[in-house]
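*Asks:* The following block contains the structure, expressed as structure tokens.
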Amino acid sequence: TSLDDFIVRLPKAELHLHIEGTLEPELMFALAARNGVTIPFASVEAVRAAYRFSNLQDFLDIYYAGASVLVTRQDFHDLAMAYFTRAAADGVVHAEIMFDPQTHTDRGIAFATVIEGLLSAMAEAERRFGLTSRLILCFLRHLSEEAAFATLAMAEPWLDRITAVGLDSSELGHPPAKFARVFAAARAKGLKLVAHAGEEGPPDYVREALDILGVDRIDHGNRALEDPALVARLAAGGMTLTVCPLSNLKLCVVSDLADHPIDRMLAAGLHATVNSDDPAYFGGYIADNYRAVAAARGLSRADLARLAANSLTGSFLPAEAIAAHL
Ligand code: ES4
Ligand code: ZN
């Protein structure tokens, strides 16, 4: 079989995916028209042309602006269904999707509207494709601890349908320690914990995510490689890193995919995985990410199978469900 077929046929879990980052320009225009929302672009081509970023903040500014077309429960359902359809075609058997409630509640969209639309798409994806999924509620780290607590309070009626909380948005200047108390409260409610760390932030932010937040996974983690003692600790602890190669390229975390550290991570014993982050903005879904690093770094089929197995073992599925996919 071709490498392409091999990648698609590998059972994979997607562990780092922002559902708002799956909004393709075509759907952005369709929803803008449906909802009477104006967007500052003349055409789909003009939107795509604007997707040239030199850092995380450049991207976030345009990502938050794009999300303004999402208004109704049906919009969130359609957004997630488009993603699940694409993911199923790439051989994703399980997806743990992040959503940013504050991006919506801060512009007057009810928390219920967002989560009910996502949950109905998740049920439909399981019926149609056998693709299971979980929700990760992310706090925006550029906003306050108080705002994060208010978001956790809004989620209270749905906590049995939320698997984990996460931490995303502008990393520099907003260390994990800022959210120590809200993560402790989430843990007390039985939620799993993840956090973006070491994408732009220093190795100490990865340490804080481990020591102060007590996370179950690190999202990105690239800059941990600057600190050999931290690498050894992550490897010994079997900590899953949700790495996003095309995101790393588009946000200039790496200057060239030929320099991507994915194989060095595996060689160091890190439980690295490959994920798509914000595929509509970064130019590829999960199989594109596997193909891109396979080509750029000369990964073997054994390396690719290891990355896919890591994604299943690093998921929040129960052990029996993981075993059934391996
Ligand atoms: C994100 Cl790539 C990335 N980093 C931090 N926050 C985010 N939100 C959506 N994508
Ligand atoms: Zn991310």
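*Asks:* Would you kindly derive the ³J(HN,Hα) couplings of region 181-186 from the backbone phi angles with the Karplus curve 6.51 cos²θ - 1.76 cosθ + 1.60 (θ = phi - 60°), listing them in order in whole Hz, with x for Gly and Pro?
*Replies:* Couplings: 6, 6, 5, 4, 5, 5 Hz.
*Asks:* Does the chain come out rounded, prolate or oblate by the C-alpha gyration tensor, with a ≥ b ≥ c the root eigenvalues, rounded set by a/c under 1.5 and, if not, prolate when a/b is larger than b/c and oblate if not?
*Replies:* Numbers: a/c = 1.32, a/b = 1.15, b/c = 1.14.
Rounded, since a/c falls under 1.5.
*Asks:* Stretch ASP259-TRP158 to full length: gain in nm at 0.36 nm per residue minus the Cα-Cα span? Provide the component values of the computation, followed by the final result.
*Replies:* Numbers: separation 101, 0.36 × 101 = 36.36 nm, distance 4.20 nm.
The ASP259-TRP158 span can extend by a further 32.2 nm.
*Asks:* Another one. At ASP106 and ARG9, where each label point lies 7 Å from the Cα along Cα→Cβ, what is the point-to-point distance in nanometres?
*Replies:* In this crude label model, ASP106 to ARG9 measures out at 4.6 nm.
*Asks:* Starting from the amide H of ALA272, placed 1.01 Å from N in the peptide plane, find each other amide H under 5 Å away whose residue is 5 or more places distant or on another chain.
*Replies:* Excluding prolines and chain starts, which carry no amide H, the hits are LEU241.
*Asks:* Please compute the modelled spin-label separation between SER43 and GLU26, points set 7 Å along Cα→Cβ, answer in nm with one decimal.
*Replies:* About 1.6 nm, to one decimal.
*Asks:* In sequence order, what are the phi-derived ³J(HN,Hα) couplings for region 269-281 according to the Karplus relation 6.51 cos²θ - 1.76 cosθ + 1.60 with θ = phi - 60°, rounded to whole Hz, with x for glycine and proline?
*Replies:* x, 6, 7, 7, 10, 10, 9, 9, 6, 10, x, 5, 9
*Asks:* Taking 0.36 nm per residue of sequence separation and subtracting the Cα-Cα distance, how much length would be gained by fully extending the chain between ASN55 and GLU124, in nm to one decimal? Don't skip to the end; give the middle numbers.
*Replies:* Numbers: separation 69, 0.36 × 69 = 24.84 nm, distance 3.56 nm.
That pair, ASN55 and GLU124, stretches by 21.3 nm at full extension.
*Asks:* Mind listing the long-range amide H neighbours of LEU23? Cut-off is under 5 Å, sequence gap 5 or more, other chains count too, H placed in the peptide plane at 1.01 Å from N.
*Replies:* Answer set, sorted by chain and number: ALA280.
*Asks:* With a cut-off of 17 Å, note down the residues of region 269-293 whose backbone N falls inside the zone around a label point 7 Å from the Cα of ARG34 toward its beta carbon.
*Replies:* It comes to no residues whatsoever.
*Asks:* Just to verify a number: FRET efficiency for ALA229 and THR1, C-beta to C-beta distance, R0 = 51 Å, to 0.05?
*Replies:* Numbers: r = 41 Å, r/R0 = 0.81.
Between ALA229 and THR1 the formula returns 0.80.
*Asks:* Which far-off residues, 5 or more places away or on another chain, put their amide H under 5 Å from the one on ARG134, with H placed in the peptide plane?
*Replies:* For ARG134, whose amide H was placed from the backbone, the distant partners under 5 Å are ALA95, GLU96, ILE97.
*Asks:* What longest region of the chain stays clear of trypsin sites (Lys or Arg not before Pro) that DSSP places outside H, G, I, E and B and that have at most 16 other Cβ atoms within 10 Å?
*Replies:* It works out to 190-326.
*Asks:* Also: Using only helices, what value at 222 nm comes out for the chain when you add -39,500 (n - 2.57) per DSSP H run of length 4 or more and divide by the total residues, to the nearest 500 deg cm²/dmol? Before the final figure, lay out each step's value.
*Replies:* Details: 17 runs with 158 residues, N = 326.
Estimated from H runs of four or more residues: -14000 deg cm²/dmol.
*Asks:* Here's another thing I want to ask about it. Please state the relative contact order of the chain as a whole percent: Cα pairs under 8 Å, 6+ residues apart?
*Replies:* Value for the chain: 20 percent.
*Asks:* Among rounded, prolate and oblate, which fits region 63-121 when a ≥ b ≥ c are the square roots of the eigenvalues of its C-alpha gyration tensor, a/c under 1.5 means rounded, and a/b larger than b/c means prolate? It would help to have the intermediate numbers written out before the result.
*Replies:* Working: a/c = 2.18, a/b = 1.91, b/c = 1.14.
It is prolate, given that a/c is not under 1.5 and a/b is the larger ratio.
*Asks:* May I pose another question? Starting from region 81-133, pick out the chymotrypsin sites (Phe, Trp or Tyr not before Pro) whose DSSP state is loop and whose Cβ has at most 10 other Cβ atoms within 10 Å. Working shown, then result.
*Replies:* Values: sites: TYR83, PHE84, PHE99, PHE111, PHE129; in loops: none.
In loop regions of region 81-133 (DSSP not H, G, I, E or B), there are no sparsely surrounded chymotrypsin sites (Phe, Trp or Tyr not before Pro).
*Asks:* Same structure, new question: Percent relative contact order of region 128-255, based on C-alpha pairs within less than 8 angstrom and at least six residues apart? Don't jump to the answer; show the numbers that get you there.
*Replies:* Values: 182 pairs, mean separation 24.5, N = 128.
It rounds to 19 percent for region 128-255.
*Asks:* If you don't mind, there's one more thing I want to ask. Using a ≥ b ≥ c from the Cα gyration tensor of region 150-204 (square roots of the eigenvalues), is it rounded, prolate or oblate, where a/c under 1.5 gives rounded and otherwise the larger of a/b and b/c decides, a/b for prolate?
*Replies:* On the way: a/c = 2.30, a/b = 2.23, b/c = 1.03.
Prolate, since a/c reaches 1.5 and a/b exceeds b/c.
*Asks:* Also: When LEU266, LEU140, LEU79 are ordered from fewest to most other Cβ atoms inside 10 Å of their Cβ, what list results? Can you show the working numbers first?
*Replies:* On the way: LEU266 18, LEU140 21, LEU79 26.
Ranked by crowding around the Cβ, least crowded first: LEU266, LEU140, LEU79.
*Asks:* Additional query: With θ set to phi - 60°, apply the Karplus curve 6.51 cos²θ - 1.76 cosθ + 1.60 along region 51-58 and write out the HN-Hα couplings as whole Hz, x wherever there is a Gly or Pro.
*Replies:* Result, ordered by residue: 7, 10, 10, 10, 6, 4, 5, 3 Hz.
All of the numbers you see were taken from the coordinates with simple rules; none came from a lab. This one's a predicted model, so the numbers in the text were calculated from it and none came from an experiment. Glycine gets a Cβ as well: all are built from the backbone with ideal geometry, and neighbour counts include every protein chain shown.
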